[in-house]
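To start, the structure under review is shown below, and the notes come after it.
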Amino acid sequence: MSESPILFEVVTPLGFKVRTTQAYWDKIVFKHPDLSNRLEDIKQTLAKPQLIRRSSHDENIMLFYQHGIKRWVVAVARKVNQAEGFLVTAYRTDAMKEGEIVWPK
């Protein structure tokens, strides 16, 4: 079985790259169909967020927020090491999760 090709790799303001595959993106869109035409929004949220919070449950999970029309666009990434990470999920919401603000400081 061959691996799904990398769909994107984005450098975050925290200095680590976040990537995902086409197959994984398809799973996210299946779960959150409102993101089907929002791939560029997710990439922009990772590259130029308005706010980044560290998860209150896992120090390696970062939530990237960018305000869209009426709702926040959220990209959730797991930081594997200082240089790399991967997209866990993405969604739109009207409220932020709790957690330490890590960017901007």
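Descriptive notes on the structure:
- Candidate set: the range 58-90, residues that are touching a residue at least 60 places away in the same chain (Cβ under 8 Å) and part of a strand (DSSP E or B); chosen: the one surrounded by the most Cβ atoms within 10 Å (Cβ to Cβ): 77
- Qualifying residue in the range 36-56 (condition: modelled with pLDDT of 95 or more, part of a strand (DSSP E or B), within 24 Å of residue 101 (Cα to Cα) and small (Gly, Ala, Ser)): no
- Note on the range 91-105: residues that are hydrophobic (A, V, I, L, M, F, W, C), assigned to a loop (DSSP other than H, G, I, E, B) and surrounded by 13 or more Cβ atoms within 10 Å (Cβ to Cβ) amount to 1.
- Output for the range 78-105, where each listed residue is acidic (Asp, Glu) and either over 14 Å from residue 54 (Cα atoms) or in contact with a Pro (Cβ under 8 Å, 6 or more places away or on another chain) (or both): 84, 94
The values are calculated or read from the model by the stated rules, or taken from the named source; none is laboratory data. Please read these numbers as outputs of a predicted model, since none were measured by experiment. So basically every Cβ, Gly included, is an ideal-geometry build from the backbone, and we count neighbours across all protein chains shown.
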